[in-house]
1. Output the helices (runs of 4 or more DSSP H) that fall wholly within region 270-389 and possess 1 or more residues being of a type in the set (Val, Ile, Thr) and under 17 Å from the mean Cα position of the chain (by Cα), or say none.
2. Which pairs turn up if I take residues in region 174-196 that are in contact (Cβ under 8 Å) with a residue 12 or more places away in the chain and look for partners that are among the basic types (Lys, Arg) and surrounded by 18 or more Cβ atoms within 10 Å (Cβ to Cβ) with beta carbon separation below 7 Å, at least 6 apart in sequence or on another chain?
3. Among the residues of region 404-411, is there at least one that is assigned by TED's automatic domain parsing to the domain that holds Ala332, surrounded by 20 or more Cβ atoms within 10 Å (Cβ to Cβ) and not in a helix (DSSP H, G or I)?
4. Which condition does Glu206 not pass, out of (1) surrounded by fewer than 20 Cβ atoms within 10 Å (Cβ to Cβ); (2) under 27 Å from the mean Cα position of the chain (by Cα), if it passes all the others?
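The values are calculated or read from the model by the stated rules, or taken from the named source; none is laboratory data. In this text, all values refer to a predicted model and were calculated from it rather than measured experimentally. Every residue, glycine among them, receives a Cβ derived from its backbone with ideal geometry; neighbour counts consider all protein chains shown.
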Amino acid sequence: MVWVSAASLEAWTRDLEPLVQRRLEAAFFPRGPGPGSECQAELRELTLQRLYGLLAEFEAELAGFQCLRQLGHHLLDHPDEAAQRLGCIWLTHFPEVDTIDRVARVALDDTRSLAVRDQAAWTLCFRQRQTRPPSLYFSPEAEATADTALRALLDRGGLQALPQLATGLRHVCAPEILDSLARDIGRARDAIECFATPALARAAFEAALDLDSGAGTRALALASCVLGDEVVPQLRSALERAPTLAHRIEAAQCLVSLEPSALHEAERAVREGNPFPAISLRLVQYHAAHPGAFATVRGLGVARRTATLAPDTAGEACQRAAEPLLEYATLAYAGNHGHVEFLAYLVHGAGDPALLLRLFDQFREVFSAEGRLLPAPFAPLAAAGRFSELERLARSRGEFAKAGWELARHARPFRALALLRSMPEPNASAAAARALALFIAGRPDLAQQLHPAPHQLLAHVVPSAPGAEPDRVDLSLLFSEPAASAAH
């Protein structure tokens, strides 16, 4: 089955960079777009595998390729169910009003499979920017269109029929939807996280001790954040009635956040039957010292909706949410905790190098070769003079060109040359980094083989930080450089 014609694909992608064009052609036409090469049934899985791989590889750039929105629309209308689901995922990168309207029609179309409608519902809900470009903007008009469709889905029993809908609704703050969830907390339990009207907050709190520890603790935190002092008496009662230790610890944290003078009462509660009281006591004490902060609830409330923030205000909003959440996460979370991912995206959105280094120091898993949630913080590490850490990170991720450039422009030419020598296939970026390093190290002749005007690269050189790690001088690097042609 042909998912897209060669002519259509060429028309949609003619303005893209060649690398993206080639990847798309290889995905849709594994045997090439010539006669007799159409995707047969046996190639369907290969096509899917390559397209999902392309989505992952270009996650941070895809929203900038507006021409590819048409490809998502095409997939949405394709007869193949797998293509339709992929189209829904693809279009999370392009949340314009017309796109959201088309996805809404899919979600509400009873002739579509439940799997496709479920994926469409998720796309209507999803409002995170993550590492995607600022041009990705979920406008108020698009949000209103999505919320109208989501309310219709709820009225038609969507929570029962569509598995992803409840979790997706954690991104949604429309009062009419939140009030609708309050009518059946049992079915809406997976939607409880960071947004609530007073009606939903009261219903969630009332049900909290009857819910499992995951939903129940979220309900306690959300209701306490929204309702404030109103729930203090019930929190005291919850300390006595809590069905699990997790419920009791959460109730204790919420209580001291609203009434810090209850610290001793809360400490007694979290010690009881607790095999690890030190951790719980530390968190209760944090909440008492930061009354009303509710860093997790408020932080997730921003992280879930970064795509709805105008690009000129997003950085400040992310910074305000990230700083308290990072402080709390340092005490509360291991690196693999789900909230660390949201924290990472907030820090990325804040664009603050100092905050990024604090995240790196506490949760290096976010930047590991396996994790790769965020781009490697090569520039902040270099600016701080932490060159050995930069080199280790570059080697683990296989990102030599960017790291080599930062080493060179921070006047560490020998470190740069040694690192760049590890690059299996040098490219233009590596050539520029090597040229700058060679020029600084006193070999302008070799530098000119790699760059026509290497002296112009000196404009990028910046002073080193006080106490920065020194260079590792190795003169052999100046006399055994790879041929210039290897960089082209």
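1. Once the helices (runs of 4 or more DSSP H) in region 270-389 are filtered for at least 1 residues that are of a type in the set (Val, Ile, Thr) and under 17 Å from the mean Cα position of the chain (by Cα), what remains is 295-303, 338-350.
2. As it stands, the answer is Ala191/Arg170; Ile192/Arg218; Glu193/Arg170; Glu193/Arg218; Cys194/Arg170; Cys194/Arg304, since those pairs meet every condition given.
3. no
4. The one condition Glu206 does not meet is (2).
Table: residues versus (1) aliphatic (A, V, I, L, M); (2) within 24 Å of Ala204 (Cα to Cα).
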| residue | (1), (2) |
| --- | --- |
| Pro277 | no, no |
| Gly292 | no, yes |
| Val297 | yes, yes |
| Glu316 | no, no |
| Leu326 | yes, no |
